[in-house]
Structure formats: structure tokens, C-alpha cells
């Protein structure tokens, strides 16, 4: 929340509305990251990495069964950090898009 407030501090109402619309479509819910990580044990490992834009790690998890499930277990523990870092990156990208208009 602090990152959002800092980035949108100087925005007018129209910019805030545009920012919220774009950011809402790009952000990832930590619970969805958790759900896809759990699915990595059952169906396909690495889906959570594809969702957060880490294509290389997603392919590595896919072909190594989540690095023999150790990487998937680590992602189960760190799912909130994965979502937070991705969402912070999306805040910065969205601010760059809105700021350039």
C-alpha cells in the first residue's frame, strides 16, 4: 500500500482512475499464486512462475518436476513474497505507462 501511495502521490483523478484500471488487470493475488503452487504437486509444476512472468524458471520447473519438488516446496513457503515482488514490478510498469501519457 505504501508503494502505491508513493507512486500515485502527484496523480490527478483521471490518472488515478487509469492507473487503477491498468494495475487491477495486471496484479496477481497471493492466494492464486498459492493455489497454482499447490497444483504443481498434482498437475503441472511451474505454473506459478509462468503467472509472475518468470518464463525461464517456469520452464525449468516444468522439465524438472519443480526441481524435484524442492523448488515447489520453497515456493509454497514464499508465495507471498513472489506475489509482492511481481505486484511491485507491475506498479512501476503501470506508473511508467500512465506517466508517459
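What follows draws every value from the coordinates through simple rules; no lab data is involved. The model shown is predicted, which means the values in this text are computed figures rather than measured ones. Backbone-built Cβ (ideal geometry, glycine too); neighbour counts: all protein chains shown.
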For the pair residue 55 and residue 24, what calculated FRET efficiency results from E = 1/(1 + (r/R0)^6), where r is the Cβ-Cβ distance and R0 = 25 Å, to the nearest 0.05? 0.60
Within segment 6-45, name every residue whose backbone N is under 17 Å away from a label modeled 7 Å from Cα of residue 93 along the Cβ vector. 19-30, 33
Pairs of alpha-carbon atoms within less than 8 angstrom and 6+ residues apart define the contacts here; what relative contact order does segment 12-100 have, in percent? 36
Helix-only [θ] at 222 nm, the chain, -39500 (n - 2.57) per DSSP H run of 4+, per residue, nearest 500, equals -23500 deg cm²/dmol
Calculated Rg and Dmax of the Cα atoms in Å (choose from (1) 15.9, 49; (2) 16.7, 52; (3) 15.3, 45), label: (1)
Among 24-34, 74-84, 3-13, what's the highest-first ranking by average C-beta atoms within 10 angstrom per residue? 74-84, 24-34, 3-13
For a quick size check, give me the Cα extents of segment 14-66 along its three principal axes, largest first, whole Å. 46, 21, 11
